[in-house]
Structures are given as structure tokens and as C-alpha cells.
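S.K.: Before anything else, here's the structure in question.
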């Protein structure tokens, strides 16, 4: 009788423990590639956009540990300063600065770039990290659909305005955060701004495809300049980027689905690893126009290889941002 009872009770005791261990090891596996190479970034000047939380914050944290001078470019200055103070305390690197940058506003982008160049004659690494995902239909201050506006247009203008200082600081790098979602995207040439119809998921995928098309076209234009530009997929990361995801806004999503989702997502620190790899790995000194994930090169979707679409997007981006002919 005792043996029979033990057989019944054992699964109840050990089952949850085995499940917990399984979830733990699955999560550890899902953290993906890690950038473990030691580098000294003392004297390097870096800009990271959207870095008061999540991947961006972890990126700045590690850059600070390695001695870089980092400008945290954020919309919410209160949160940015809180994050900066935490980074200062943990790394003891005093060369970490917070500056206002609202990618929803082209005027804000222009002010940021102008003020940065007044303060600095060098820029060695620009990390276009900021982004929004799965938004309800919203417009930027300049009338752009929010996802194409923030994820692409704001960064397009920022990068172009900083190209001169990146050139003069060469060898230098531009790192652009995209997403695996680019594979599901297409550039809507007749309705790029989603004025005729709007689907939040399609708009997000379009903006992530735009990131890679921009990367590839910019790399061609900068060929031989000493400035490299590469894109990456950070992985599925547990950050505030999911705050608009409708599934997690339901009771079912919050209390049942989200906990089940946990073993399959990266921590922000793990999500930052490919950004650090693309920004710092010495083996990438002459690599440009590529796409990475888990600290390795990856193939892009077929739509990201369309040079005609890349040129169309570049021309439209110049018009939208008022560049009126790029200097690149």
C-alpha cells in the first residue's frame, strides 16, 4: 500500500520541480549568443538612442564598463537621468551623459544633432536602438505613421546629420536594430504612410524592413569611407517594446500567456549582446551592409535584397525628412 501511495504522490511532488528545472534550462538556452570578447573602449564616443530601459540601457551599461564615453539619447529625460545615475553607480564611469532626443519630432532630431556636434568633434559608434512596436494608429509630430516615423525616418535623419562627424572619426560604426519581422514586411510604395489603410503588425514589419534596406543602401554610399553600417535582430526580448502588444493586454494574456512566454524570451542583457558584437568586435572592422543575430551573420529576407526598393525608400526618406538631396 505504501509503494502504491508513493507512486501516486511522487509525480505531484517531483513533476512541478522537473517542470521548473526544464523551464530554467530552456530559458538559459534561449538567451542566444553572448559577446564575451574583452575590449577597451576608452576614448571612444558613442550615441545610443532609446536607452533608458531594456536593450538600450544594457548596451550603455556594458559600454560604460568598457570605458566608452556614451551619450544616452532619450525622449523621457526623467527616466533617462534615472538610468544614467544607475549606470554611473554600477560602472563608476563618469563619462555617461543624458541628452534629449524625440524621434517623433524632426525638429528634436535636428537640435540633438546640432548640439552634439557643438560638444564633440568625434563620434565612433552610433547605435540606432530606439523603436516602437504594434502601436494603434498614431502620428508623429510631423504627420508620419508612428512606426515608420520612429523606427526609420527619425533614425534616417539622425544618421544623415551625423555622417560628417562619423566620417571624420573613422574607423567608425553605425549599428541599426531591426528585427526578424522584416521577413514578413513589404514597402508599400503607394501608401508608405498607411493613410489609406492601417494594420499595426504590417506597419511594424514594414518599418523593420526599412531598417535593413536603409542599412544596405547606406553601406553602399559609405563604401571606402571607413564608416561601416550593419543591422541586427536582437531576438525576442522581454522589454517595454511589448507594452502595446494586444495579446498581453487581456486578462488571459497578462496572467496565463505571459508567464508561459517567459522561458522563450531573452533578458534585456542577452538582447544587447548582438548590438555589442556589431559595435565592438574587432573582426567586424571592415564588415559592412550585413545583418546579424545571436552574434553571427544571418541571411535577410528576399525583400531586403531589393535594390530598387532601397533606392525608392531612400528618395522618399529624403523628401519626408527635408534633406533635399543627401550629402552621402
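Coordinate-derived values only; no laboratory data. Keep in mind that what you see is a predicted model, and the values were worked out from it rather than measured. Neighbour counts are summed over all protein chains in view; Cβ atoms, including those assigned to glycine, are modelled from backbone coordinates with ideal geometry.
S.K.: For a footprinting-style exposure proxy, rank 229, 165 by other Cβ within 10 Å, fewest first.
M.R.: 165, 229
S.K.: Pop out the Kirkwood hydrodynamic radius of region 40-320 from its pairwise C-alpha distances, inverse of mean 1/r, in Å to one decimal.
M.R.: 18.9 Å
S.K.: Next up: Listing 269, 118 from the residue with the fewest other Cβ atoms within 10 Å to the one with the most, what is the order?
M.R.: With the sparsest Cβ surroundings first, the list reads 118, 269.
S.K.: Please arrange 80, 295 by how many other C-beta atoms lie within 10 Å of their C-beta, fewest to most.
M.R.: 295, 80
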